[in-house]
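The structure appears below as structure tokens.
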Amino acid sequence: MVLGLLTITSIPTVIGVAEGVSEQKKANRRKDDEKRMAKFYLDVFCEGDSETAKQLAGKRVVLRDNKVYLDSRNPASRAIPAHTAEAFYIGYPDDEREPTLGLVSSVSTDPPMLNWIYVDKDTLELKYGNRTQSRPHHVGPWDWTEDQVGLTMRGVEGFVAVEEDEEEGAWGVYFDEDWDGLRRRAGGRRVVEISLERTMVETKAEGEGEGDGK
């Protein structure tokens with residue numbers, strides 16, 4: 001087969017364009033990775049005019065005793081000391097499952113430590129732990145909504161707050177996998193549908209999120 005001169009001279013151009021497209025895709029991926037690794041708080045948005053909805057609106061995700069709770073944005077106002085979650089997205093390292101986007105948070109500042117946030121496969125509670133603790137459970141995919149504000153798990157904002165039995169006024173966070181308001185799991189406890197919205201750490205208001213209970 002004889003290639004025409006025009007065809008031959010166009011080959012470097014085609015290769016150059018392909019390389020340029022490839023590099024742009026890599027740059028876009030790097031930019032996306034940087035955005036997903038930016039730290040954020042998780043704050044409650046709760047619709048409704050009930051006293052419970054008003055009580056929960058604006059609460060912040062905190063971590064204590066390996067569980068995810070909702071509490072005041074101001075650490076000094078919390079009845080029980082807890083660490084303010086500062087989360088970000090990163091790929092979950094597991095060669096035995098499909099690649100999935102995980103959710104990591106700081107769990108202490110002294111010493112600085114990170115853990116995975118996951119959904120307990122049996123109770124549907126949001127918990128945190130190391131890779132060994134999280135691996136048997138639902139570790140992702142975590143992501144954000146189209147406007148990059150809301151937290152999603154498996155593509156939906158299926159979160160609910162559940163009033164815990166162990167102490168008055170304590171609200172845990174669960175993933176409503178069956179979309180039934182945790183009817184089979186709540187055991188008569190109050191359940192409120194919530195959204196968890198991302199507030200970037202860099203844009204925190206003065207005094208918010210500074211310090212923690214650990």
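The values are calculated or read from the model by the stated rules, or taken from the named source; none is laboratory data. Here the structure is a predicted model, which is why all the values come from computation and not from measurement. Cβ coordinates were reconstructed from backbone atoms using ideal geometry, including for glycine residues, and neighbour counts include every protein chain displayed.
If we keep just the residues of the stretch 50-103 that are touching a Cys at 6+ places or on another chain (Cβ under 6 Å) and not in a loop (DSSP other than H, G, I, E, B), which is surrounded by the fewest Cβ atoms within 10 Å (Cβ to Cβ)? If we take residues in the stretch 50-103 being touching a Cys at 6+ places or on another chain (Cβ under 6 Å) and not in a loop (DSSP other than H, G, I, E, B), then Ala53 is surrounded by the fewest Cβ atoms within 10 Å (Cβ to Cβ).
Summed over the stretch 137-155, the residues that are within 12 Å of the chain's Cα centre (by Cα) and either among the hydrophobic types (A, V, I, L, M, F, W, C) or part of a loop (DSSP other than H, G, I, E, B) (or both) give a count of 12. When restricted to residues that are touching a helix residue (DSSP H, G or I) at 6+ places or on another chain (Cβ under 8 Å) and not in a loop (DSSP other than H, G, I, E, B), the stretch 177-204 contains 2. Take the residues in the stretch 104-123 that are more than 18 Å from Met37 (Cα to Cα) and under 15 Å from the mean Cα position of the chain (by Cα), then tell me which one is surrounded by the fewest Cβ atoms within 10 Å (Cβ to Cβ). Checked the stretch 104-123; the qualifying residue surrounded by the fewest Cβ atoms within 10 Å (Cβ to Cβ) is Asp120. Among the numbered conditions (1) outside any loop (DSSP other than H, G, I, E, B); (2) modelled with pLDDT under 95, the only one that Ser106 does not meet is (2).
Within the stretch 184-202, residues that are under 12 Å from Phe45 (Cα atoms) sit with their Cβ atoms under 6 Å from residues that are of a type in the set (Phe, Trp, Tyr) and surrounded by fewer than 18 Cβ atoms within 10 Å (Cβ to Cβ), at 6+ positions apart or across chains, in these pairs: Ser195/Phe45; Glu197/Phe45.
I'd like the full set of residues that are of a type outside the set (D, E, K, R) and either more than 23 Å from the chain's Cα centre (by Cα) or crowded, with 17+ Cβ neighbours inside 10 Å (or both), limited to the stretch 187-200. Spell out how you get there, then give the answer.
The initial filter retains those residues of the stretch 187-200 that are of a type outside the set (D, E, K, R), namely 187-188, 191-192, 194-196, 199-200.
Matches in the stretch 187-200: Gly187, Gly188, Val191, Val192, Ile194, Ser195, Leu196, Thr199.
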